Amino acid sequence: MIDAGIRAPKVVAVGGGHGTAVTLRAVRQYTALVTAIVSVADDGGSSGRLRELLDVVALGDMRKCLVALAEPSSRLAQAFEHRFEEGELAGHALGNLILAGLVEATGDLVAGIDEAAVLLGATGRVLPATAETVVLKAEAFHGEVEGQVAVSAAGRIRRVSLVPGDISPPPEAVAALLEADQVVIGPGSLYTSLLAAVAVPGIAEAMTQSAAQKVFVCNLRPQVPETEGYDVAAHVVALRRHGVEVDVVLCDTSTGMKLGRQHAAVAERGLAGPNGLVHDPARLAQALSDLLA
C-alpha cells in the first residue's frame, strides 16, 4: 500500500489501549511515519500496581502500542505481552517491567520508551500524552468519579479531566501533531482512553492548530456502561465538548452502532473483522489511506 514514489504521510494516532493498537497496525500499512500519543491515566491491573510501587505513569497502553508497531513475527514483541501467572509477579506483563526498567535506567520517560522501540524494531514512535502521573476524573450523572477503573464503570459521563490540571504534553507530542498530515482518533474507550489523552492541556489545542486531516474512527458498538445508548453522533458531540473538531467520521454501522443525526462528514465503510467485535487492520488501513488520497 506504500508507494515509494510519493512522500510518505505523517500520521498521528491519539488514544490508548487495544483500539489505538489496532489503528497503529492499520496505519503502518500505508506509512512508516507514524506516532502514537497515548494516555497514561490507567490505574488498574499491572499498570496500576507499578504506579504505586515505582511512582511511574501507567505503562500498559504504551506497551500495547509499541507491540503494535513491531513486526508481527517478533519473539520479543510476543514476550512483551507475556503475563506472569504465579508468585509476586502474577498479573504483570513482561513488557511493563522492561519499560519500567528502561525509564529508570535512562532517567526519562520518553527516552525509556524510545529505547524500547529500538529493542522491538518498531516502525514509528510512541509518546505519552504527558510524562507526569495523573488521575482521571469524570463528571458523571451521580457526581464526580476519580480513577480510570471507576470512571469506566460510571456511565452517563459528561466530561473528563486530569488531576493535577497544570500538566503538559511532551514537546515531541505537540510537534508531531503540528507536523502531521493525518490525525486519527479512535477506536477505543471514548472517555477512558481517547479523551483521557486529549484531556492533557495542550493536546486538543495542538490538534486544532494542526493542518492535518482529523479522522474519528468510531467504535463498532456502544461500550457498556461507559457509552451505553450512544450512537455515532453522540461520540462526536463528546469529542466537541472536549475541544476536538474532526473533519470526517469513519464508521461501520453494520454491527450495531447507529449513526444518529450527524453534523460532520461521514464515511461509512465495512471495517469490522470476521468476528464483528473489533476493527480489521487491513480494512481500516484501506479506508484511512483512501481518505488521505
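A short reminder: the numbers here are calculations on the coordinates, not readings from a lab. A quick note: this is a predicted structure, and the numbers were derived from the prediction, not measured. Note that we place each Cβ from the backbone using ideal geometry, even for glycine, and neighbour counts take in every protein chain shown.
Loop-resident chymotrypsin sites (Phe, Trp or Tyr not before Pro) (DSSP state other than H, G, I, E or B) in segment 136-227 with no more than 14 further Cβ atoms inside 10 Å of their Cβ: PHE141.
Between HIS263 and ALA175, the FRET efficiency from the beta-carbon distance, with R0 = 22 Å, is close to 0.10. Coupling constants for segment 66-73 follow from the phi torsions by the Karplus curve (6.51 cos²θ - 1.76 cosθ + 1.60, θ = phi - 60°), and in residue order they are 4, 5, 5, 8, 7, 5, x, 8 Hz; glycine and proline get x. Which distance in Å, rounded to a whole number, links the C-alpha centroids of segment 84-158 and segment 13-75? Each part's Cα centre sits 8 Å from the other's.
Please state the relative contact order of the chain as a whole percent: Cα pairs under 8 Å, 6+ residues apart?
Contact order relative to length: 19 percent.
Would you mind giving the average projected area, over all directions, of the Cα convex hull of segment 37-79 in nm² with one decimal? Averaged projected hull area, Cα only: 3.3 nm². For the chain, a simple Cβ point-charge model (Lys and Arg +1, Asp and Glu -1, everything else neutral) yields a dipole of about 860 debye relative to the Cα centre.
Plugging the Kirkwood radius over Cα pairs into Stokes-Einstein for segment 242-293, at a temperature of 4 °C and a viscosity of 1.567 mPa s, what D comes out in µm²/s?
In µm²/s, the coefficient rounds to 107.
Computed with the Debye formula from one identical point scatterer per Cα of segment 176-293, without solvent, the log10 of I(q)/I(0) at q = 0.10, 0.11, 0.15, 0.21 Å⁻¹ comes to -0.27, -0.33, -0.63, -1.26.
Put simply, the amide H of GLY124, placed in the peptide plane, has neighbours under 5 Å in VAL34, leaving out anything fewer than 5 places away on its chain. When the Cα atoms of the chain are aligned to their principal axes, the ranges along those axes come out at 54, 50, 38 Å in descending order. Counting only aspartates and glutamates at least 8 places from LYS214 when in the same chain, those with an alpha carbon closer than 17 Å to its own are GLU179, ASP181, GLU205, GLU245, ASP247, GLU268, ASP290. For the chain, CYS65 stand unpaired, since no other cysteine beta carbon lies under 4.7 Å from theirs. Charge dipole (Cα centre; +1 on Lys/Arg Cβ, -1 on Asp/Glu Cβ; no other charges) of segment 84-149 amounts to roughly 260 debye. Proximity of backbone amide H atoms, modeled 1.01 Å from N, is registered between LYS214 and VAL183, ASP247, VAL248 at under 5 Å, excluding neighbours fewer than 5 places apart on the same chain.
Running a GNM on the chain with Cα contacts under 10 Å, which residue among GLY16, GLY147, GLY107 ends up with the highest mean-square fluctuation? It is GLY107. Seen from LEU136, the other residues with C-beta closer than 15 Å to its C-beta sum to a net charge of -4, counting Lys and Arg as +1 and Asp and Glu as -1.
Note on segment 162-230: Cα convex hull, mean projected area over all directions, 5.1 nm².
Couplings 3J(HN,Hα) of segment 84-97, computed from phi: 6, 10, 9, x, 5, 8, 3, x, 7, 7, 4, x, 4, 5 Hz, in residue order, whole Hz [Karplus 6.51 cos²θ - 1.76 cosθ + 1.60, θ = phi - 60°; x for Gly and Pro].
Summed over all non-identical Cα pairs, the Kirkwood treatment of segment 121-208 gives a radius of 13.9 Å.
In terms of its C-alpha gyration tensor, segment 1-119 comes out prolate, because a/c is 1.5 or above and the ratio a/b outweighs b/c. Residues in segment 228-233 carry Karplus couplings, in order, of 4, x, 6, 9, 4, 4 Hz; the curve used is 6.51 cos²θ - 1.76 cosθ + 1.60 with θ = phi - 60°, and Gly or Pro positions show x. Here's how it looks for HIS279: its modeled amide H is under 5 Å from those of GLY273, which are all 5 or more places away or on a different chain.
Could you work out the Rg to Rh ratio of segment 136-185, with Rh taken as the Kirkwood radius (inverse of the mean 1/r over all Cα pairs)? In segment 136-185, Rg relative to Rh is 1.13. For segment 170-254, the relative contact order is 35 percent, taking Cα pairs closer than 8 Å that sit 6 or more residues apart in sequence and dividing their mean separation by the residue count.
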